[in-house]
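Visitor: Quick one: the structure is below, and I'll ask about it shortly.
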Amino acid sequence: MSTTLEPAGATAPDGTTADIKGASVRRGDRVFVGLSRGSGILILVTMAAIAVFLIWKSIPSLQANTANFFTTTEWAPDAKPAYFGIAALVFGTVMTALIAMVLAVPVGIGIALFIAHYASKRLASTLGFVTDLLAAVPSIIFGMWGIQFLTPQLQGFMQWLTTYFSWIPLFQNDLGIYTRSIMIAGIVLAIMVLPTISAITREVFVQAPRMHIEAALALGATRWEMVRMAIFPFARPGMISASMLGLGRALGETIAVALLLSATYDINWHITEPGGITFAANIALKWNEAGTIGLSALVASGLVLFVITLAVNMAARLIIARRSDFSGAN
Amino acid sequence: MNITGKARLAAITIVGAIALTACGSDGGTSASGTSSAGGSSSVNCVSGSIKASGSTAQKNAMADWTNAYQQACSGATIDYQANGSGAGIKDFINKQTAFAGSDSALKDQDKTDADARCASGPAIDIPMVGGAIVAAYNVSGVDKLILTPELIAGIFSNSITKWNDPKIAAANAGVTLPDATIAQFHRSDSSGTTDNWTKYLKAAAGSAWTFDHAKDWKAPGGQGAKGNDGVGAAIKSTPNSIGYVELSFALNNKLSTAWVDNGGGAIEPTSANAAKTVASATVGGSGNDIVLTIDYKTTTGYPAVLVTYEITCEKGLDSALVPLTKSFLTYTASDEAQGKLSSTGYVPITGDLLTKVRASVASIS
């Protein structure tokens, strides 16, 4: 193998031709390409292995199930006959993730914007450091903090919310009890995903092209108008990716939600009342004592969560792909 | 290569430290039958190392016992992981552990699999730790609360919703009950405690409790908390609340506990009263397999009790594990070990039942 550089397509004096596809013939480059390709393939293989495992292990319970898997709310896979369904799990997971996103995305983007473009250098680095520190807190600590500190502190707010906003059916509360609800779980999840969204969005904002920023300012735009015209279009795919990562964490958050929720298997639209259960919390709470069909049923619920996360990510990719044509940053 | 004086000193220190660690004693996994000097009188020491896992109900009792055994016998290591009865049985069937702790005896498929795991004999259930499940409450001003099974069933199935309900007042003459909603707590995770509590309610409360017994809580209403500690903490921090926990958790958290009246007078939820119920349980199971049927309607002892079984092989356990398993279980069945249980809120096995338990342990080979 030659160790000298040959331009692609050229014929060397000894008659051999370099590869005309443009790939380098240097060994180091080949190894690097191989490693990168191998890493990509490894990820795909891992995902495929997980999917196959989930499908394989969930088959026994799906065969033994006597109830409709998608519309039943009860969870009794170890009863004879087995009957269980994911309706309540889907509701709980989607509602808590939705509340977390509604609260965390605007705040996260706001923090990122402030750090990237409005704050002084020192304040920006301190704030960035503190936000990233929030990401390092273990999730069980969040669960314990949620139960012991946040819930009592939020009682007043919950009472105010249910008194003045009960014309929205979501905020009605017939029981007068405001603990262990989907609302509180959503708020804690929002705090947990905030650092993820904020850190990635911050990086994207910082990389907006200076020319566009200065052009907008030169044309007389205010700071906010400059942000809207020059930064947001450029950063939109990044913001959506950050939100998707945050959503992924919110959907799969296990132990914090297991400690916070009251684990009732029903679809209760009054989200300030106690109750609710999510996929991951269900697995955490039921795993230890589950029998064979019970374990298989938990894996089946894991498969549904896997599919939901996949669908949400694909939807996000579609949104990014569509919007990038109109972003004006290309 | 230039090595400065400081670097040389550091290198020598590190190498010396590593070399000296080699002088430490070997952990040792081979079993030998020597008894160690200075051991307590009821421990016939065996060195070796075994793993066990299972019920969380007996977690504190096991911790006490393994500590005591390991202190008396320096060469022994017993590692008990409280990861739940179901997980414990699975670990035992998969040959990961020498014995499993379970809140209910082996049945159905698990029994078949466990018998298969024990190469040359059946798997046996040996009751070792009793426990009482109590209704712990937090109502200021109420020092003594008496509840009948029907009242408990009503409170926990959401049909009795206020503390000053006439039915509760009828059982508690002279006690001022507040006009407040009952905040009821149950377990959000699967547990043997829930299973035994619902078994008690189904047997004793008659038509007031319509739900089948299960490890998962089925009745409507109330709030779920994770684990005995979660329910205990919730009761402690919520006024006008009630929930069911193990007696040891109620004692640790200093919660008030309700007296239970099964028809023969109110009985205080203590270890001694619960021991009477455990001792009077009907013994089932063949040979050395001891499966207890508790009389939940008893009027002479505290009725809501549970028993944790140690599940192991009568014959067929790996020969390296047999000596230490047998020695440890002999210790736990001894008067000294059972005597430790009452002070931590557990319930000892007593009388004829204890004799049968010791005979089962002696048959392990």
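The values are calculated or read from the model by the stated rules, or taken from the named source; none is laboratory data. For clarity, every value in this text was computed on a predicted model and none was experimentally measured. Here the Cβ is made from the backbone with ideal geometry for all residues, glycine too, and neighbour counts use every protein chain on show.
Visitor: It is to be established whether one or more residues within the range A:246-255 are surrounded by fewer than 20 Cβ atoms within 10 Å (Cβ to Cβ), of a type outside the set (Ser, Thr, Tyr) and within 14 Å of chain B (Cβ to nearest Cβ).
Guide: Yes, because at least one residue in the range A:246-255 is surrounded by fewer than 20 Cβ atoms within 10 Å (Cβ to Cβ), of a type outside the set (Ser, Thr, Tyr) and within 14 Å of chain B (Cβ to nearest Cβ).
Visitor: Separate question: Looking only at the range A:30-39, decide whether some residue is closer than 30 Å to A:Thr292 by Cβ, within 28 Å of the chain's Cα centre (by Cα) and at pLDDT 90 or above.
Guide: Taking every residue of the range A:30-39 in turn, none turns out to be closer than 30 Å to A:Thr292 by Cβ, within 28 Å of the chain's Cα centre (by Cα) and at pLDDT 90 or above.
Visitor: Among the residues of the range B:80-92, count how many are more than 9 Å from chain A (Cβ to nearest Cβ) and either surrounded by fewer than 22 Cβ atoms within 10 Å (Cβ to Cβ) or of a type in the set (Lys, Arg) (or both).
Guide: Total satisfying the criteria: 3.
Visitor: So which residues in the range B:48-79 are basic (Lys, Arg) and closer than 18 Å to B:Val347 by Cβ?
Guide: B:Lys59
Visitor: Among (1) more than 14 Å from every other protein chain (Cβ to nearest Cβ); (2) among the hydrophobic types (A, V, I, L, M, F, W, C); (3) surrounded by 24 or more Cβ atoms within 10 Å (Cβ to Cβ), where does A:Leu260 come up short?
Guide: (1)
Visitor: Take the residues in the range A:168-186 that are surrounded by 12 or more Cβ atoms within 10 Å (Cβ to Cβ) and aliphatic (A, V, I, L, M), then tell me which one is nearest to A:Glu253 (Cα to Cα).
Guide: Here the answer is A:Ala185.
Visitor: Can I ask one more? Residues of the range B:105-133 being within 14 Å of chain A (Cβ to nearest Cβ), surrounded by fewer than 22 Cβ atoms within 10 Å (Cβ to Cβ), in contact with a strand residue (DSSP E or B) (Cβ under 9 Å, 6 or more places away or on another chain) and not charged (D, E, K, R), which ones?
Guide: The one that is within 14 Å of chain A (Cβ to nearest Cβ), surrounded by fewer than 22 Cβ atoms within 10 Å (Cβ to Cβ), in contact with a strand residue (DSSP E or B) (Cβ under 9 Å, 6 or more places away or on another chain) and not charged (D, E, K, R): B:Ala114.
Visitor: Follow-up question, since we're still on this one. Can you name the residue in the range A:143-167 that is among the aromatic types (Phe, Trp, Tyr) and within 14 Å of chain B (Cβ to nearest Cβ) and, of all such residues, is surrounded by the fewest Cβ atoms within 10 Å (Cβ to Cβ)?
Guide: Here the answer is A:Phe149.
Visitor: If you go through the range A:195-238 one residue at a time, how many are outside any helix (DSSP H, G or I), surrounded by fewer than 20 Cβ atoms within 10 Å (Cβ to Cβ) and not β-branched (Val, Ile, Thr)?
Guide: 5
Visitor: Can you name the residue in the range B:93-104 that is in a loop (DSSP other than H, G, I, E, B) and within 14 Å of chain A (Cβ to nearest Cβ) and is also nearest to the chain's Cα centre (by Cα) among such residues?
Guide: Result: B:Asp103.
Visitor: Moving on to the next point. Just a yes or no: is a residue in the range B:176-194 in contact (Cβ under 8 Å) with a residue 40 or more places away in the chain, farther than 29 Å from B:Ala87 by Cα and of a type in the set (Asp, Glu)?
Guide: The answer is no, given that none of the residues of the range B:176-194 is in contact (Cβ under 8 Å) with a residue 40 or more places away in the chain, farther than 29 Å from B:Ala87 by Cα and of a type in the set (Asp, Glu).
Visitor: So if I check each of B:Thr257, B:Thr282, which one is free of Cβ contacts under 8 Å to residues at least 24 places away in the same chain and over 22 Å from B:Thr112 (Cβ atoms)?
Guide: Result: B:Thr282 is the single residue among B:Thr257, B:Thr282 that is free of Cβ contacts under 8 Å to residues at least 24 places away in the same chain and over 22 Å from B:Thr112 (Cβ atoms).
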